[in-house]
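First the structure, in the form of structure tokens, and then the observations on it.
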């Protein structure tokens with residue numbers, strides 16, 4: 001896999017889901033390169049589909065093992081330490097040449113974890129939108145349109161009523 005930077009990546013602004021507990025701040029779950037994460041996830045999902053449809057010989061299984069381990073390493077580069085640890089706990093070790101069943105299970109597990117991660121990102125974005133919307137509505141309710149300071153009171157006819 002390539003480790004080059006992609007235009008439009010949000011490497012400075014990591015996507016961070018909200019913390020489960022609102023009390024003390026815990027480790028920050030973050031993704032530093034969302035575009036790279038999406039490329040890897042798409043590739044792993046496609047590999048899973050391909051392995052479901054074909055019988056794989058030993059050299060093919062060895063190659064899939066290499067791809068799987070390399071994908072795991074690439075994923076670790078774009079995840080925060082706590083997400084790296086979670087992924088490492090879920091990813092089964094692959095010793096020697098795995099069986100077709102082992103490959104399918106490992107890939108399905110990885111795809112499932114990635115989909116869960118994407119759902120978490122979507123939930124975080126939704127929560128951020130909802131919080132921003134609530135803040136905007138609170139500003140409107142207080143009479144501060146657009147969030148700016150209140151201007152001078154307008155005459156009854158509005159601006160230009162004397163013309």
Point to revise | Calculated diffusion of region 54-108, Stokes-Einstein form, Kirkwood radius summed over Cα pairs, 10 °C and 1.306 mPa s, µm²/s | key: 134
Review point. Arranged by the count of other C-beta atoms within 10 angstrom, fewest first, what order do 136, 72 take?
Key: 136, 72
Exercise for review: May I ask you to sort 101, 71, 80 by Cβ crowding, counting other Cβ atoms within 10 Å and putting the fewest first?
Suggested key: 101, 80, 71
Check your understanding: At residue 67 and residue 100, where each label point lies 7 Å from the Cα along Cα→Cβ, what is the point-to-point distance in nanometres?
Key -> 1.6
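Each reported figure results from applying straightforward, stated rules to the coordinates on display, with no laboratory input. Quick caveat, the model's predicted, so the values are computed rather than measured. Note that each Cβ is placed from the backbone with ideal geometry, even for glycine, and that neighbours are counted across all protein chains shown.
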